[in-house]
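Working notes, structure below.
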Amino acid sequence: MTPFIAEIIGTMLIILLGNGVVANVVLKGTKGNNSGWIVITAGWAFAVFAGVTVAGPISGAHLNPAVTIGLAIAGKFAWNQVASYIIAQLIGAMLGAFLVWLFHKDHFSITEDENTKLACFSTIPAIRNNVSNLISEIIGTFVLVFIIFYIANPTLSISTVADAKIGLGSIGALPVSILVWAIGLSLGGTTGYAINPARDFGPRIIHSLILKGNSNWSYAWIPILGPILGASLAAFLYTMLL
């Protein structure tokens, strides 16, 4: 398995299980309907564990363009590999979102509310305020990437693709999963904590292609730009503190 394929599969697993838990909680008629925010945040945390466990030994399990960019800014990942990683992550996110729709197809059919359906693909802010929503995504992703630096301690050189690995194997996946859970519980209530451009953008594309409803594209730039800015700030601070 190449790093490109690992990033596709790892990201696909995150979206399949992460958006899958959202669908289980919010779609009409599921066994998990109305089981709440704790179930959603726990499901996303465990989804991250699954994705990182599979991709970690091969690609370093970035699974997030913000993480890839943050590592590159900090000098821990080769810039010439950034584009291929981001493309793989976007492909994986789209595949995962398609599988969520396929798996819950009957429940999408009986759910009337369009925002509820969109929530199974992409994030929706609790209160639409572009400035506040952007700040939420910046802070949430800053926490994610800054702490990942200390969990992973990426000290490898950046001369080859193989050196992209940052030590997040099956054991390393657990603290990252706990971190994502903490972010969801503490910082996720305002925007749904995308903290990952591919996680939001890829599924939003699938939503627009399959359900053909209002995919809320006017908001889509926030879960893209916010995480990138947050990751960049985390990388700059980490570098200065070394």
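The values are calculated or read from the model by the stated rules, or taken from the named source; none is laboratory data. Model, not experiment: these values are computed from the prediction. Using ideal geometry, Cβ is built from the backbone for each residue, glycine included, and neighbour counts are taken over all protein chains shown.
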Considering residues that are assigned to a helix (DSSP H, G or I) and out of contact with any Pro (no Cβ under 7 Å at 6 or more places or on another chain), the number found within the range 197-217 is 11
Those residues of the range 22-51 that are under 17 Å from the mean Cα position of the chain (by Cα) and small (Gly, Ala, Ser) come to a total of 7
Given (1) over 22 Å from Glu137 (Cβ atoms); (2) acidic (Asp, Glu); (3) at pLDDT 95 or above, identify the lone condition not met by Asp163.
(3)
Would you pick out the residues in the range 26-40 that are part of a helix (DSSP H, G or I) and surrounded by fewer than 21 Cβ atoms within 10 Å (Cβ to Cβ)?
Trp37, Ile38, Val39
Out of Ala182, Ala220, Ala194, I need the residue that is in contact (Cβ under 8 Å) with a residue 40 or more places away in the chain and either surrounded by fewer than 23 Cβ atoms within 10 Å (Cβ to Cβ) or part of a helix (DSSP H, G or I) (or both). Which one?
Ala220
From the list Met94, Met1, pick out the single residue that is aliphatic (A, V, I, L, M), more than 27 Å from Leu233 (Cα to Cα) and in a loop (DSSP other than H, G, I, E, B).
Met1
If you check Thr190, Thr239, which single one turns out to be of a type in the set (Val, Ile, Thr), within 18 Å of the chain's Cα centre (by Cα) and over 22 Å from Ile86 (Cα atoms)?
Thr190
Residue among Asn19, Asn64, Asn24, Asn33 that alone is free of Cβ contacts under 8 Å to residues at least 12 places away in the same chain and either touching a Pro at 6+ places or on another chain (Cβ under 6 Å) or not charged (D, E, K, R) (or both):
Asn33
